[in-house]
Amino acid sequence: MALEITNIVVETLPRFEGYVYPNESGTHPLWGFLIVLYPYITGLVAGAFIMASLVRVFHVKPLQPIYRLSLLTALAFLLCATLPLLFHLGHPERSFQIMITPHLTSPMAIFGFVYAWYLMAVLLLELWFDYREDFVVWSQTTPGIRGIIYRAFTLGVTDTSEKAVALDLKMGWIISIVGIPSAFLLHGYVGFIFGSIKANPWWGNVLMPIIFILSAMVSGIALCVFNYMILTWVRRRKLDMRCLDVMGMFLFYALVIDATVEALDWIHRAYSAEEGFHVMEYMAQEKLFYTLSIGQALVGTVIPLLLLGALQLARKYVSEAMRKRMYFACAAFILIGVFAMRWNVVMGGQFFSKSLRGVMSYKLEFAGAEGWFMGLILLSLPFIILTVLIKLFLSERLPTSGHIPHRAEITTTEI
Amino acid sequence: MKNSVSRRSMLATLGGAVAALMSSSAARTAKAAVQKVFVSTSAPKGYDPYKHKWLMCFDVDKCIGCGLCVDACKTENHVPQGPTYFRNWIERYIIKKPKPGSGETRGEVVVDSPNGGRDGFTTTPIPREEILKSFFVPKLCNLCEHSPCTQVCPVGATFDSPDGVVLVDPKYCIGCGFCIQACPYGCRFLNPETKTAEKCTLCYHRITRGLKPACVEVCPTEARIFGDLKNPVENDPIQAFISKNKLHTLKPHLGTNPRVMYANMDKEVR
Amino acid sequence: MPPQIFRLVLLTLAIVVTYFIARQLLTPATFRQYGFYRGEALAEHASHTPVYAGRKACLECHEEIQTQLFKGEHKTIGCESCHGPSSAHVADPDSAKNLPDKRNTLACARCHEANPSRPATQKQINVKTHYSGEKCVECHVPHQPNEVP
């Protein structure tokens, strides 16, 4: 079944059409499934974090129920973010060199530092400040290994006075503010990696980092919708429809902006029709038909825009049950669509020959370190980690401090 | 009071340790700077990379597409045998005649490079009577002054040597492939055995010993011109080439400043 | 200082110091010798053994061929273009093994087979019809092509 899918999506014979440089004419692409996966994962991280910062920085009160879930989602995916890169390197045992002798003219070199900064100084720190009070309480009341885990996470600080909690809230707010540009940097630099490659016209343009960040926002919000609905369904609880509706609203507007900028990219390319454009056109229509026209454009953009747009206009006429189905469908479609977008960027750029005269037809293996199978495992790993994190930190059996994650003296923004 | 003093002194000690660590790397650099001439036993002793600047150029009108250069390179540098690993290669451009009465200057342009040109070009896909003009173009690393490949290497594994050659350190390369994607000329590949990036080294091990690169050695028609810009010999071929020909570089609009120059180049070549 | 902040500052300092220590220990010794790379790599590249000996090495012993070559149009061709890589022979000239090839018709055809992409300055023949069945060396002297054997 997987082979048939492979054959539909990627032609196996002949290996190229037109003229391609001999070094480009191999059977497998240099950057494969794993490199498609990496920007997808960091995009989800950045998007989920922005969802959380909507609550903390922009005081969007209806989104409160998903605050902690979005942060934990971001953490689960961030923990897995380095794995596709490690598996892809020719020499993963030398990967530490990126931190020891980072070549600062290379966007890839900042990866180690941006990742470390975002993981430790933003995500873990914000989570810690938000959870600290709860950790102290839970460490005292939970027996066994879980109690030890909570105690470890308190870092030995047991002060739960009002003054300390107020400081926690303030620090969390500051970190959230710092976290927004950090999230943009974490994912934007990946877009810049592609956008800075002037050798390849499919990649090397100014809009690339912007498009990456915008589609990351969209995918992150969609993931939060997806996770929230699944978690509530698993727990057999009632969905907070107001929260879901507000998420749907943000998803719609983010998608509108993302679709606009992506459309701008296409329109500009087609209009200025620089050298090699007819090859790009051929590639987009033939080699990338299923992933671009169907996956990214139709399923990932047009259908969610129509569904979510309809809900924005006519929400009160749609029943709750119907809305839930529409939101879930849109979230799933968008997640597929953004994955297709990453595929089109990474693989499309490699199909397109730098000779500007041909296209390659690469084959993706199923097995092996860079194959589909490994990719699917790496894609499911964050969800497994998220389940563990939810059990530890979002358990319904544990009492929470109940403080809302924003400064109490500021009035909340009603939507 | 006692607590803050001990905390202060602890922070001061830490700060001092960090400062010492950071400055010791500078001291190490200064010491290494003394040794800029090869001293290891198997490298040619006394070769000073700062005293040379190597360059290769091409005369497209002289290339006969025999492919001896491609074969010699693979032999000399133990390049993997497959048809997708080339440190240098030959491209053939066949420009067909325009359709009569169409008002065009040229017809379709057919470009190919069967096995990189290694076995020569024994078959011609277009009948002779349809061909307007046709020629061969040898390709390799363009020795860019602002090489995008070295710019994007995340660890400093590929670099511009002081004598004008762009090299890869196979012991340090992590195999990320960024340099391969960034090279506009397609001259890099990932060696499937070493899993590191590889490319033309201008036969560094030969030129540092006063030999010519293998491809230049076997070229029968002097289509490849090689020399040392800092030490021109009598009747230096590079100096003659530069002064007598109108010159062309590949993809100049990308700002890579490729130093490899072509004479008698056609506008179809990328 | 509030206890949370103090703990965090300690943790941060510990991480930063560990990083700088690791950086110091793990950076290769010759890094930054010539530039942002391992200086030893330059010497390592220079220390590979050449496979082709180079024309000068051949002519050290085979001087009479040099005189022949310089009279004719093959003077631009290196010895190893036709005779193959010969550094093993140069290293041990008296040994019977590693003797370079004395080439055959295929070697001549490689450069002289008629090909529309070849410049007109290159003398070209259609190998199949140009005295087919005969060896090139029946009528041509490879080292001095304007002579007859």
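Within segment C:102-140, the residues that satisfy the criterion of being without any contact (Cβ under 8 Å) to a residue 24 or more places away in the chain and more than 14 Å from chain B (Cβ to nearest Cβ) are C:K102, C:T129, C:H130, C:Y131, C:S132, C:G133, C:E134, C:V137, C:E138, C:C139.
Considering segment B:52-154, the qualifying strands (runs of 3 or more DSSP E), each wholly inside and each with 1 or more residues that are among the β-branched types (V, I, T) and at the interface with chain C (Cβ under 10 Å from one of its Cβ atoms), run over B:89-96, B:131-139. Among the numbered conditions (1) within 12 Å of another protein chain (Cβ to nearest Cβ); (2) of a type outside the set (A, V, I, L, M); (3) in contact with a helix residue (DSSP H, G or I) (Cβ under 9 Å, 6 or more places away or on another chain), the only one that C:E73 does not meet is (3).
A single entry from A:M247, A:M208 fulfils the requirement of being in a helix (DSSP H, G or I) and within 14 Å of another protein chain (Cβ to nearest Cβ): A:M208.
Residue-by-condition table, conditions (1) basic (K, R); (2) touching a helix residue (DSSP H, G or I) at 6+ places or on another chain (Cβ under 7 Å); (3) crowded, with 18+ Cβ neighbours inside 10 Å:
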site	(1), (2), (3)
C:I5	no, no, no
C:L10	no, no, no
C:A29	no, no, no
C:Y34	no, yes, yes
C:L42	no, yes, yes
C:H45	no, yes, yes
C:T49	no, no, no
C:K56	yes, no, no
C:Q66	no, yes, no
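Looking at A:Y228, A:Y150, just one residue is of a type in the set (F, W, Y) and modelled with pLDDT under 95, and that residue is A:Y150. Scoring B:C173 on the criteria (1) closer than 19 Å to A:K198 by Cα; (2) within 11 Å of chain A (Cβ to nearest Cβ); (3) assigned to a loop (DSSP other than H, G, I, E, B) leaves a single failure, condition (1).
Filter segment B:149-165 down to residues that are among the β-branched types (V, I, T) and either surrounded by fewer than 24 Cβ atoms within 10 Å (Cβ to Cβ) or within 20 Å of A:T82 (Cβ to Cβ) (or both), then give me how many there are. Adding up the residues that qualify gives 2.
Surrounded by 24 or more Cβ atoms within 10 Å (Cβ to Cβ), out of contact with any Asp or Glu (no Cβ under 6 Å at 6 or more places or on another chain), in a loop (DSSP other than H, G, I, E, B) and within 14 Å of chain A (Cβ to nearest Cβ): does that describe B:Y185? Yes; evaluated as a whole, the condition is true for this residue. Among the conditions (1) surrounded by fewer than 19 Cβ atoms within 10 Å (Cβ to Cβ); (2) among the hydrophobic types (A, V, I, L, M, F, W, C); (3) under 18 Å from B:P192 (Cβ atoms), the only one that B:W89 does not satisfy is (1). In the set B:S102, B:S134, only one residue is of a type in the set (S, T, Y) and either crowded, with 17+ Cβ neighbours inside 10 Å or closer than 21 Å to B:C203 by Cα (or both); that residue is B:S134. Which one is farthest from B:K53 (Cα to Cα), of the residues in segment B:239-254 that are of a type in the set (S, T, N, Q) and either part of a helix (DSSP H, G or I) or free of Cβ contacts under 8 Å to residues at least 24 places away in the same chain (or both)? Going through the qualifying residues, I end up with B:S243.
Per-residue answers, yes or no, for (1) without any contact (Cβ under 8 Å) to a residue 60 or more places away in the chain; (2) within 22 Å of A:A263 (Cα to Cα):
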| site | (1), (2) |
| --- | --- |
| A:I148 | yes, no |
| A:E162 | yes, no |
| A:I177 | no, no |
| A:I180 | no, no |
| A:A183 | no, no |
| A:Y189 | no, yes |
| A:K198 | yes, yes |
| A:W202 | no, yes |
| A:N205 | no, yes |
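Can you find a residue in segment B:253-262 that is at positive phi and in contact with a Cys (Cβ under 8 Å, 6 or more places away or on another chain)? Yes, there is a match, as at least one residue in segment B:253-262 is at positive phi and in contact with a Cys (Cβ under 8 Å, 6 or more places away or on another chain). Number of residues in segment A:165-199 that are farther than 24 Å from A:F77 by Cα, surrounded by fewer than 18 Cβ atoms within 10 Å (Cβ to Cβ) and either among the acidic types (D, E) or out of contact with any His (no Cβ under 7 Å at 6 or more places or on another chain) (or both): the value is 3.
When you scan segment C:85-101, do you find a residue that is facing chain B (nearest Cβ under 9 Å) and buried (at least 19 other Cβ atoms within 10 Å of the Cβ), even just one? Checked segment C:85-101: at least one residue is facing chain B (nearest Cβ under 9 Å) and buried (at least 19 other Cβ atoms within 10 Å of the Cβ).
With the requirement that a residue be closer than 15 Å to A:F192 by Cα and at the interface with chain B (Cβ under 10 Å from one of its Cβ atoms), what does segment A:22-46 give you? Result: A:I35, single match.
The values are calculated or read from the model by the stated rules, or taken from the named source; none is laboratory data. Everything numeric in this text was worked out from a predicted model, so none of it was measured. Please note: Cβ atoms are built from the backbone with ideal geometry, for glycine as well, and neighbour counts cover all protein chains shown.
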